[in-house]
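Participant: Sharing a structure with you now.
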Amino acid sequence: MNQRSTRHLIRHAGFSLLEIAIVMIIVAILLTTIGVPLSAQVEAKRTEETRRMLEEAKEALLGFAMANGRFPCPAFANATSNSAGRESFCVAASGACAGSETQVVQTHGNCSNFYSGFLPAATLGLSSLDSEGFLVDAWNNQSNRVRYAVFGGTVGAGTFPFTSSANPTAMQLATISVLGATGTDYLQICNSGTGVTATTCGGAANTLTTKAPIVVYSLGPNAAEGATGTDESKNTDGNIVFVSHTPTAGSSNEFDDIFTWIPISTIIKKMLDAGKLP
């Protein structure tokens, strides 16, 4: 092969390597560019899957209520006690019961934890539970167990209106007119955690509803980090006030909890249809 042909081949090979390098750079840029959207798509899919799970949980709760004339108590778990995804009652008819919880249904309806418990998924017969009987949202870790709260105050004739299994059931005893009365408030769902107290949203402008006897919710993708801001902290502080709004990211008040609830009007209609209210 002559010298001219050799130089031509070298130049040709050099240009081929350069072209390959350019292609690799372009591919790397493309991968970097689409990486964030793909991650966002994964998060969106998990969010949608979690919303679907919460809607299924609501249907299971309504089915339980129509069959039993009451809603279940939340499941309970801490360092010393675990109800294994079953509803958890106090043995005593009133007051707190730390250390004396029971999974035996109590007619008095005093739940061991009305406002900081978990969905009693094992009691409801749901599937895809973790090893301890709890339903976990689409982020699939222990911090992401689906949460559930039920109003624990008294209504009408001084009964627990949603968790008592007395006969007649507490909802029947309270009567429709009392359950749906304008002045009867249940769980409070707020637009923001700013200005709320342990019992109110701090004003009508910040109130989504006061008529939610139960709520079902997920702590979202940042559950493992704990409550990261004022708004999220209102969903784990153990009282009747909760916060629900669109996600906010990248701030000191990050919020990504996912909420749903059943209004008292829906509950009354479903219970009437099931013949559980007179």
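Participant: From the list Ala75, Ala93, Ala65, Ala57, exactly one residue is open to solvent by 10 Å² or more (accessible area, probe 1.4 Å) and either out of contact with any Leu (no Cβ under 9 Å at 6 or more places or on another chain) or under 20 Å from Leu129 (Cβ atoms) (or both). Which is it?
Facilitator: Working: Ala75 fails: open to solvent by 10 Å² or more (accessible area, probe 1.4 Å); Ala65 fails: open to solvent by 10 Å² or more (accessible area, probe 1.4 Å); Ala57 fails: open to solvent by 10 Å² or more (accessible area, probe 1.4 Å).
Testing whether each residue is open to solvent by 10 Å² or more (accessible area, probe 1.4 Å) and either out of contact with any Leu (no Cβ under 9 Å at 6 or more places or on another chain) or under 20 Å from Leu129 (Cβ atoms) (or both) leaves just Ala93.
Participant: Further, regarding this structure: Output the residues belonging to the range 192-242 that are in a helix (DSSP H, G or I) and not β-branched (Val, Ile, Thr). Please lay out each step first, then the result.
Facilitator: Kept after step one, since they are in a helix (DSSP H, G or I), are these residues of the range 192-242: 204-206, 223-225, 230-233.
Those that are in a helix (DSSP H, G or I) and not β-branched (Val, Ile, Thr): Ala204, Ala205, Asn206, Ala223, Ala224, Glu225, Asp231, Glu232, Ser233.
Participant: Which of (1) assigned to a loop (DSSP other than H, G, I, E, B); (2) over 18 Å from Thr47 (Cα atoms) does His245 not meet, given it meets every other one?
Facilitator: That leaves (2) as the condition not met.
Participant: For the structure I just gave you, tell me whether Thr123 is in contact (Cβ under 8 Å) with a residue 24 or more places away in the chain, open to solvent by 20 Å² or more (accessible area, probe 1.4 Å) and farther than 22 Å from Gln172 by Cα. Step through it out loud before you land on a result.
Facilitator: Details: in contact (Cβ under 8 Å) with a residue 24 or more places away in the chain: yes; open to solvent by 20 Å² or more (accessible area, probe 1.4 Å): yes; farther than 22 Å from Gln172 by Cα: yes.
Yes: the conditions hold for Thr123.
Participant: For the range 135-159, name all the residues that are farther than 18 Å from Val243 by Cα, assigned to a loop (DSSP other than H, G, I, E, B) and in contact with a Pro (Cβ under 6 Å, 6 or more places away or on another chain).
Facilitator: Passing the criteria: only Trp139.
Participant: Could you tell me which residue of the range 96-120 is least open to solvent (accessible area, probe 1.4 Å), considering only residues that are assigned to a strand (DSSP E or B) and more than 22 Å from Thr199 (Cα to Cα)? Step through it out loud before you land on a result.
Facilitator: Here is the first cut: in the range 96-120, the ones assigned to a strand (DSSP E or B) are 101-102, 111, 117-118.
Among the residues that remain, those that are also more than 22 Å from Thr199 (Cα to Cα) are: 101-102.
Values: Glu101: 40, Thr102: 22 Å².
It comes out as Thr102.
Participant: Here is a further query. Of everything in the range 192-206, what is crowded, with 16+ Cβ neighbours inside 10 Å and farther than 17 Å from Gly238 by Cα? Give them in sequence order.
Facilitator: Matches in the range 192-206: Gly202, Asn206.
Participant: Quick check on this structure: which one of Thr182, Thr163 is polar (S, T, N, Q) and out of contact with any strand residue (DSSP E or B) (no Cβ under 6 Å at 6 or more places or on another chain)?
Facilitator: Thr182
Participant: I'd like the full set of residues that are open to solvent by 30 Å² or more (accessible area, probe 1.4 Å) and in a strand (DSSP E or B), limited to the range 160-191.
Facilitator: none
Participant: Now for a separate question. If I go through the range 222-251 residue by residue, how many of them are touching a helix residue (DSSP H, G or I) at 6+ places or on another chain (Cβ under 9 Å), open to solvent by 60 Å² or more (accessible area, probe 1.4 Å) and in contact (Cβ under 8 Å) with a residue 24 or more places away in the chain?
Facilitator: 2
Participant: Please tell me if Gln142 is crowded, with 16+ Cβ neighbours inside 10 Å and at pLDDT below 95.
Facilitator: Numbers: crowded, with 16+ Cβ neighbours inside 10 Å: no; at pLDDT below 95: yes.
It is false that Gln142 is crowded, with 16+ Cβ neighbours inside 10 Å and at pLDDT below 95.
The values are calculated or read from the model by the stated rules, or taken from the named source; none is laboratory data. This structure is a prediction, so every number in the text was calculated from the model and none was measured. Using ideal geometry, Cβ is built from the backbone for each residue, glycine included, and neighbour counts are taken over all protein chains shown. Side chains included, ligands, DNA and RNA excluded: accessible areas come from the protein's heavy atoms. Shrake-Rupley method; radii C 1.70, N 1.55, O 1.52, S 1.80 Å.
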